[in-house]
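Visitor: Before anything else, here's the structure in question.
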């Protein structure tokens, strides 16, 4: 059904050639790339908070440790129309997509990097992510949720105060669907969880392992797309990250701090992206998927060959990267 194209509304367009989704978001152009005053330090500069830690604290006051607010320049609206548009076969979109975009200020202190915090200081961040995941999961329009952190301008960060961003989408992105299909096919063919098979093999070989704990394995992937790319993976298989126990969450906080500390030792003030990969809501119990955390350092620039072919070029041998990271003493 043909629909007029809006020049002001957010729109999710689907590319028939590359089978990818592109978010057209005119409102995002209005966001300041380097705000004069920090919204992470001044609560009045943000919309009212939807979550705060510790429990019971005034979320818009001054005594919070972790604070979550709606993104002031969101690509979505809670009551989006989700109007599906098809101008001609293959040219499809969702106009005014329903969804959420939230910002998690992970610490009250303006300059307090992950490696300078204790594990106990990091745990409330993951508690906040679980809480917002569960809130998104209760939304009937929600299909997919992702949490990520950008640190440094090369990683796309426009705010110095360390924070995460949360996106709730009304559909599962095509690239994620393809990833799920590969994992499901592997499970049907072998009866094995592909992610667990990879994690177990890395632990057994050891040459790309950076660190191991009771509940998590930290390693540099075999085909790392970026120099010093690092994954943190649970030893207990679960598609849904919110199924973590308290002990596992504390261990995750320690493993995350450990990984960031090692990366910062190799490259001080390293810009990076962190991605939390958890299953889409409809696959939260899938036996073929395992959630995990990936840290993508932004040392090199993605250029023509990568953009033109999706062929990533990594100038650092993954085994050498793991060996270097593994050798760094952590306090």
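Visitor: What is the extension gain from residue 328 to residue 15, computed as 0.36 nm multiplied by their sequence separation minus the C-alpha to C-alpha distance, in nm to one decimal?
Guide: Contour length minus Cα-Cα distance gives 108.3 nm.
Visitor: Ok, one more. Would you order 228, 115 from fewest to most other beta-carbon atoms within 10 Å of each residue's own beta-carbon?
Guide: Fewest-to-most Cβ neighbours within 10 Å comes out as 115, 228.
Visitor: How high is the FRET efficiency between residue 177 and residue 92 when r is their beta carbon distance and R₀ equals 22 Å, given to the nearest 0.05?
Guide: It comes to 0.90.
Visitor: Where the centroid of each part is defined by its Cα atoms, how far is the stretch 125-181 from the stretch 32-71 in Å?
Guide: 18
Visitor: So what's Rg/Rh here for the stretch 142-198, counting alpha carbon atoms and using the Kirkwood radius for Rh?
Guide: Radius of gyration relative to Kirkwood radius: 1.15.
Visitor: Kindly rank 258-266, 156-164, 40-48 from highest to lowest mean number of other beta carbons found within 10 Å of each residue.
Guide: In decreasing order of mean packing, 258-266, 156-164, 40-48 become 258-266, 156-164, 40-48.
Visitor: Looking only at the stretch 239-270, which residues have a backbone nitrogen under 17 Å from a spot 7 Å from the Cα of residue 285 in the C-beta direction?
Guide: 239-244
Visitor: For the stretch 11-149, take N as its residue count and report Rg(C-alpha) divided by 2.2 N^0.38 Å.
Guide: After normalising by residue count via 2.2 N^0.38 Å, the value is 1.23.
Visitor: Compute the length gained on full extension between residue 309 and residue 134: take 0.36 nm times their separation in residues and subtract their Cα-Cα distance, giving the result in nm to one decimal.
Guide: Gain in length upon complete extension: 59.3 nm.
Visitor: Label residue 236 and residue 50 with points 7 Å out from Cα along Cα→Cβ: what is the distance between them in nm?
Guide: Result for the modelled spin labels: 2.8 nm.
Visitor: Per DSSP H run of at least 4 residues, take -39500 (n - 2.57); add these up for the chain, divide by its residues and hand me the 222 nm value, nearest 500 deg cm²/dmol.
Guide: Calculated from helices alone, the mean residue ellipticity at 222 nm is -8000 deg cm²/dmol.
Visitor: Using the C-alpha gyration tensor of the chain, what are the square roots of 5 times its eigenvalues, in whole angstrom, with the largest one first?
Guide: Taking √(5λ) for each eigenvalue gives 30, 26, 20 Å, largest first.
Visitor: Compute a Gaussian network model of the chain, connecting alpha carbons closer than 10 Å, and tell me which residue from 104, 210, 22 fluctuates the most.
Guide: Of the options given, 22 has the highest mean-square fluctuation.
Coordinate-derived values only; no laboratory data. Because the structure is predicted, anything quoted here is derived from the model rather than measured. So basically every Cβ, Gly included, is an ideal-geometry build from the backbone, and we count neighbours across all protein chains shown.
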